[in-house]
1. What shape does the chain take by its C-alpha gyration tensor, where a ≥ b ≥ c are the square roots of the eigenvalues and a/c under 1.5 counts as rounded, a/b above b/c as prolate, and the rest as oblate?
2. Go through 46-58, 16-28, 122-134 and give me the packing order, highest mean Cβ count within 10 Å leading.
3. With contacts defined as alpha carbon pairs under 8 Å and 6 or more residues apart, what's the relative contact order of the chain in percent?
4. For a quick check: sort 145, 158 by the number of other beta carbons within 10 angstrom, fewest at the front.
5. Calculate how many DSSP beta bridges within the chain are antiparallel, expressed in % of all such bridges and rounded to the nearest 5.
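Each value in this text was obtained by applying a stated rule to the coordinates, not by laboratory testing. Here the structure is a predicted model, which is why all the values come from computation and not from measurement. Neighbour counts are summed over all protein chains in view; Cβ atoms, including those assigned to glycine, are modelled from backbone coordinates with ideal geometry.
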Amino acid sequence: MSIPSHLYSYLDQRGTRYEVWTHEHSHSSAETARAAHIPPCQLAKSVILQDDEGCVMAVLPADRVLMVGEFSRLAGRYRLRLADEDRIASLFEDCERGAVPPVGMAWGIPTLVDDELESNDVIYMEVGDHQRLLRMSHDQFHELMRAQPHGCFSKSPMH
């Protein structure tokens, strides 16, 4: 599978530099980090939420969990709930189920970025399938996400 056209065009238009990394097929972000031999804190995952206005994407490190209340406050949308798999699949038709790239802007979806990702030198992200990741420098990721709202809306699963 090639990079989804929405994602490829979005990155290309912005001159974003990245490498494509392959790994064994995985089913979750934790499994992806293990298969790719990368720290989970460097893997940006997407969580899709919805309300009556539509969908919104949270981008956070794979080793953290979304605090829906904090995210909702930051997004200014107070009836958000996790989107169901069918809704997500209909939005990201050019991606495999469960492998949504954390670049919602490429699909016209409002996207908010957790500040925890900014502490990494390198960021990895799903490319739209379960066997490849995009790898980019902190600077490239920061530039890509610069116009998106940022905030603290994740926590360690131990807390």
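1. It comes out rounded by the Cα gyration axes.
2. Result, highest mean Cβ count within 10 Å first: 122-134, 46-58, 16-28.
3. Working: 301 pairs, mean separation 48.1, N = 159.
Once divided by the residue count of the chain, the mean separation gives 30 percent.
4. On the way: 145 21, 158 5.
Sorted ascending by nearby Cβ count, the order is 158, 145.
5. In the chain, approximately 75 percent of DSSP beta bridges are antiparallel ones.
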